[in-house]
Structure formats: structure tokens, C-alpha cells
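Beneath this line is the structure, given in C-alpha cells, with notes to follow.
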Amino acid sequence: MAAIEYKIITYRDCPDLPGISDEVVISSWPEFMRKDRVANKYWSDLYRTFPEFQFALLETGTNNAIAVGNSIPLAWDGNLEDLPDDGWDWALAQGFKDYSAGRTPKIQCALSLTIPEKYRGKGISAYALKAMKSIGERHGFDVMIAPVRPTFKSRYPLTAMERYIKWQNDDGLPFDPWIRVHVRLGAEIVKVCPQSMRI
């Protein structure tokens, strides 16, 4: 499989990025996933307040968005094991609280990464995660946290999340494909956030 060539753009580079992102997300996510009350409160301000942390990968030649991503800087400097159980919702709200209070960011938090269906299964998620991490590195962050929503968990609704995230495939890597992408890039599972993104 030939590698896809792409360029990285941020909202600072491209004012049309929110429209591009919305098109990808709306076509990729089920309706209920767009009903998170914390997201509804803050998401539209994410691009204006943190423009350099919102990005897309555009395929060279076609200019098609092959991935869109969002992250936010946080002033968190505690132990990662002590991150709040609210996970994703906490991170999004806290980023804005830190910004309003003038607190200096210390860490980057991934919020969303979406790949259009026609580009899935081509290894793009790894490129996109590396691009997201590089944005944080350019701002002096050497750590990125990610409240990951495991892709296959819905297939095993009766299995506790604490048990599910420990499942491994024959290669000794996480069974869940989305967790596996992160681990292959050096991530470690820190904890389960049971109150994250309650809809």
C-alpha cells in the first residue's frame, strides 16, 4: 500500500477549517455523539481560543481532508493517575477555565481525531496522532494525554472497561484497535475515567 502524501494545516492557517472539520465529523459520527452538553457549551469557541491546536491533514493533490483533529492546552501539573474521572468533559472545560484565569499551560490534551470512512484502514490515524503531538511539542509540551474512547468496546457492553482495556491480541498489543494505535506510538494506559463524555 502506497503511503498517502499530505500536508498539515491548522485553523490559524485556514479559516475554513471548522467547516471542513464539521463535514468530516457529521458524516462519521452518530448523531447521539454530538449531544454532549460540555461539548455544546465550549466546542464552537475551541477554534477561536486555541486556533493552533485544531488541525487537519489534507491529501496532496486532491486537498481532501483525510483526518481532522482537535486538542487543547491545560495547566495540569499533577500526577497523571490523579486526573479527574470526568476525563474528556473535564479536559475541555478545564482548558477554557485555565485560559480565562491566565494559567500557564503545562500539558496538551487530545480531544478528537476523525478520519473519513474512505480513508480508514490506511494507517492515517498514526500520522494524525503524530501531527497532533508535534503541535504540542512546538508549544513546549513534552507530554500529551488522550481520553481515548475504545473503538470496539460497544461490541462487549457487559464487560467492565477496567477488564476490556487489558485484553491483548496474539502480538501482546491491546485488543482494541484505537488503543493499539496509541500504544504503538508509545502511549501508556493510565486509568479509566468512568464519567467521561456522559451523553
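Between Leu74, Leu92, Leu58, find the one with the highest GNM mean-square fluctuation for the chain; connect C-alpha pairs within less than 10 Å.
Leu58
Once you treat every alpha carbon in region 77-190 as an equal point and sum by Debye, what is log10 I(q)/I(0) at q = 0.16 Å⁻¹?
-0.88
For region 123-199, just the Cα set please: Rg and Dmax, both in angstrom.
13.6, 42
Among residues other than Ser27 whose Cβ falls under 13 Å from its Cβ, what is the net charge (Lys/Arg +1, Asp/Glu -1)?
That works out to -1.
What full-extension length gain, to one decimal in nm, is calculated for Cys14 and Asp82 as 0.36 nm per residue of separation minus the Cα-Cα distance?
Stretched out fully, the Cys14 to Asp82 stretch lengthens by 20.8 nm.
Looking at region 1-106, which trypsin sites (Lys or Arg not before Pro) are DSSP coil and have at most 14 other C-beta atoms within 10 Å of their C-beta?
Arg12, Lys35
From the square roots a ≥ b ≥ c of the eigenvalues of the alpha-carbon gyration tensor of region 2-103, which class results: rounded (a/c under 1.5), prolate (a/b over b/c), or oblate?
Judged from the Cα gyration tensor, region 2-103 comes out prolate (a/c at least 1.5, a/b above b/c).
From the protein chains alone at 1.4 Å, what is the descending order of accessible area for Thr104, Thr159, largest first? Present the calculation step by step, with values, prior to reporting the outcome.
Working: Thr104 95, Thr159 20 Å².
Sorted descending by solvent-accessible area, the residues read Thr104, Thr159.
Once you keep just the Cα pairs under 8 angstrom separated by 6 or more residues, what percentage relative contact order results for the chain?
23 percent
Stokes-Einstein D for the chain at 25 °C, 0.890 mPa s, Kirkwood Rh over Cα pairs, in µm²/s?
On the way: Rh = 17.6 Å.
For these conditions, the coefficient is 140 µm²/s.
Write out the chymotrypsin sites (Phe, Trp or Tyr not before Pro) in region 155-199 meeting two conditions: DSSP loop, and at most 15 other Cβ atoms within 10 Å of their Cβ.
Qualifying residues, ordered by number: Trp167.
Once you list every other residue whose beta carbon is under 14 Å from the beta carbon of Tyr11, what net charge do they have if Lys and Arg are +1 and Asp and Glu are -1?
Overall, the nearby charge balance is -3.
Which ³J(HN,Hα) values in Hz, rounded to whole numbers, follow from the phi angles of region 95-105 under the Karplus curve 6.51 cos²θ - 1.76 cosθ + 1.60, where θ = phi - 60° and Gly and Pro get x?
After applying 6.51 cos²θ - 1.76 cosθ + 1.60, I find x, 6, 5, 4, 4, 5, 7, x, 6, 6, x Hz.
So, taking all protein chains as they sit and a 1.4 Å probe, how much accessible area belongs to Trp90, in Å² rounded to tens?
50 Å²
Keeping the other protein chains in place, figure out the carbon and sulfur percent of the accessible area of region 15-113, with a 1.4 Å probe.
Using a 1.4 Å probe with all protein chains present, region 15-113 comes out at 50 percent carbon and sulfur.
May I have the count of lysine pairs in the chain with C-alpha atoms under 19 Å apart, counting pairs 8 or more residues apart or located on different chains?
For the chain, the number of qualifying lysine pairs is 12.
So for region 1-55, averaging the separation of alpha carbon pairs under 8 Å that are six or more residues apart and normalising by length, what relative contact order in percent results?
Answer for region 1-55 is 59 percent.
Calculated from DSSP H runs of 4 or more alone, at -39500 (n - 2.57) each and per residue, what is the 222 nm mean residue ellipticity of the chain, nearest 500?
Here the helix-only value at 222 nm equals -10000 deg cm²/dmol.
Give a quick list of trypsin sites (Lys or Arg not before Pro) in region 132-199 that DSSP marks as loop, anything other than H, G, I, E or B, with at most 12 other Cβ atoms within 10 Å.
Lys166, Arg198
Roughly how many Å² is the accessible area per residue of the chain, as a whole number, for a 1.4 Å probe?
57 Å²
The values are calculated or read from the model by the stated rules, or taken from the named source; none is laboratory data. This one's a predicted model, so the numbers in the text were calculated from it and none came from an experiment. Note: ideal-geometry Cβ built from the backbone for every residue, glycine included; neighbour counts use all protein chains shown. SASA here: full protein model, heavy atoms, side chains in, ligands and nucleic acids out. Shrake-Rupley method; radii C 1.70, N 1.55, O 1.52, S 1.80 Å.
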